[in-house]
Amino acid sequence: LSKFLNDRDESKQSAVVMLDTVDVPASGEVTVEIVAPDFDGGMRLMAVALNEEKTGSGDNTFIVREPVSVQMTAPRAVAPGDSFEIVTEIFNTDLPEQKFSWQLDFGGAKLASGESDVLKPGQKHVLRTPLAAPDCNGAKKAELRVFDANGKLCSQEYVSISVRAALPAQDNVGVTEI
């Protein structure tokens, strides 16, 4: 049964990070390095401080994002032979103006590759890739890798698409005399 289900990415970290107790010097200032999880979006940092005489707390919000990010949209399930489209957006959030190259694999095979428009920071490029579902059952992975102008991998993302079994249409009609 598990081969028909979309796989779960176990490598993704939780967006919650808890740190152990940190000793703070008399100055009241401390620097703590936090490794942010693989996450794009807003996060809130909260801290609680206390000693024998006082307590205090504070919080601040900040944005976590990759210099280039990818968002893929595809149907969750298809039937063999179905036509569908994978829509992918490549966002240049922080890198200098440049073209990006990309490669899309589906089910482990190279499906398409190309180059984006010149993207300034803050711009995006949209790819629309038409596909036909293969004639086999199970989850298939569509993966996009994006490379900067120097050929360095700068982002990758995937979606898992379940291909259900092809079943003939069935009519359950019966006539009974009472």
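The values are calculated or read from the model by the stated rules, or taken from the named source; none is laboratory data. Since the model is a prediction, treat every value here as computed from it, not as a measurement. Remember, those area values only see protein heavy atoms, side chains included, never the ligands or the DNA or RNA. Shrake-Rupley method; radii C 1.70, N 1.55, O 1.52, S 1.80 Å.
Here the accessible area of the stretch 8-162 is 48 percent carbon and sulfur, with a 1.4 angstrom probe and all protein chains present. For the chain, the solvent-accessible area works out to 73 Å² per residue, with a probe of 1.4 Å and every protein chain left in place.
Given q = 0.15, 0.20 Å⁻¹, what are the Debye log10 I(q)/I(0) values for the stretch 1-158, with equal point scatterers placed on the Cα positions and solvent ignored? Reported log10 I(q)/I(0), two decimals: -0.92, -1.28. Convert 4 °C to kelvin, take the viscosity as 1.567 mPa s, use the Kirkwood radius over C-alpha pairs of the stretch 73-178 as Rh, and evaluate the Stokes-Einstein diffusion coefficient in µm²/s, rounded to a whole number. Rounded, D is 81 µm²/s. Computed 3J(HN,Hα) for the stretch 72-78, one whole-Hz value per residue from the Karplus formula 6.51 cos²θ - 1.76 cosθ + 1.60 where θ = phi - 60°, is 10, 10, 8, x, 6, 8, 9, glycine and proline marked x. If you run the Gaussian network model on the chain, springs between alpha carbon atoms under 10 Å, then out of Lys110, Lys140, Lys54 the most flexible one is Lys54.
For the stretch 20-29, putting each phi into the Karplus relation 6.51 cos²θ - 1.76 cosθ + 1.60 with θ = phi - 60° gives couplings of 6, 4, 10, 6, 10, x, 4, 5, x, 10 Hz, in residue order, rounded to whole numbers and with x for Gly and Pro. Just checking the listed ones, Glu66, Glu52, Glu157: in the Gaussian network model of the chain with Cα springs under 10 Å, the one fluctuating most is Glu52. For a straight C-alpha distance cut-off of 20 angstrom, the aspartates and glutamates reachable from Lys99 (same-chain residues fewer than eight places away being disregarded) are Glu66, Glu89, Glu115, Asp117, Glu143, Asp148, Glu157.
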